[in-house]
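Worksheet for the structure shown next.
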Amino acid sequence: MFAYCVSTVLLCCVVLVCMMATGPKELKVLVDLAMISATGQGDLEVQKVSCLHAAATGYAPLIYDMRPDMGFREFLPLCQAVWRSLDVDDKLPEKFVCLHLLYCIINTHTHNRLTAFCPGLPG
């Protein structure tokens, strides 16, 4: 399960790179924009955004604290923090895969703001 958890991050690299570039405060803004976008479209859309926010929070150590120059000794504690989140929510990898949907929602409704937070994202 832990290997699946980490491999999920690697599969979602476009979203991961964007989130790494934005930071946690900007992520909150993006989630708020997605929630505004989802409101009025039904409970399912609101639930999706909440799910995606939970995933971003659970994977936060790998998203915001990982550095390219890290060795295994620095990287392992980040994984352990995510694994503790995984112990609480075993659906965390599936939720992280759904972060791509958050990107699509935000990109559709607020492309200009998104590119301001994350330059270089594909249009």
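Laboratory data are not the source of any read-out in this text; all were calculated from the coordinates shown. Keep in mind that this is a model prediction, so the values were computed, not measured. All Cβ positions, glycine included, derive from the backbone under ideal geometry; neighbour counts span all protein chains shown.
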#### Entry: Order by protection proxy (mean Cβ within 10 Å, highest first), peptides 36-47, 51-62, 84-95
51-62, 84-95, 36-47
### Message
Students often get this wrong, so check it: of LYS48/LYS91; LYS25/LYS95; LYS48/LYS95, which have C-alpha atoms separated by over 18 Å?
### Response
LYS25/LYS95
### Message
From the phi angles alone, apply the Karplus equation (6.51, -1.76, 1.60; θ = phi - 60°) to region 20-35 and give each ³J(HN,Hα) in whole Hz, x where the residue is Gly or Pro.
### Response
5, 6, 7, x, x, 5, 5, 4, 4, 4, 5, 5, 4, 5, 5, 5
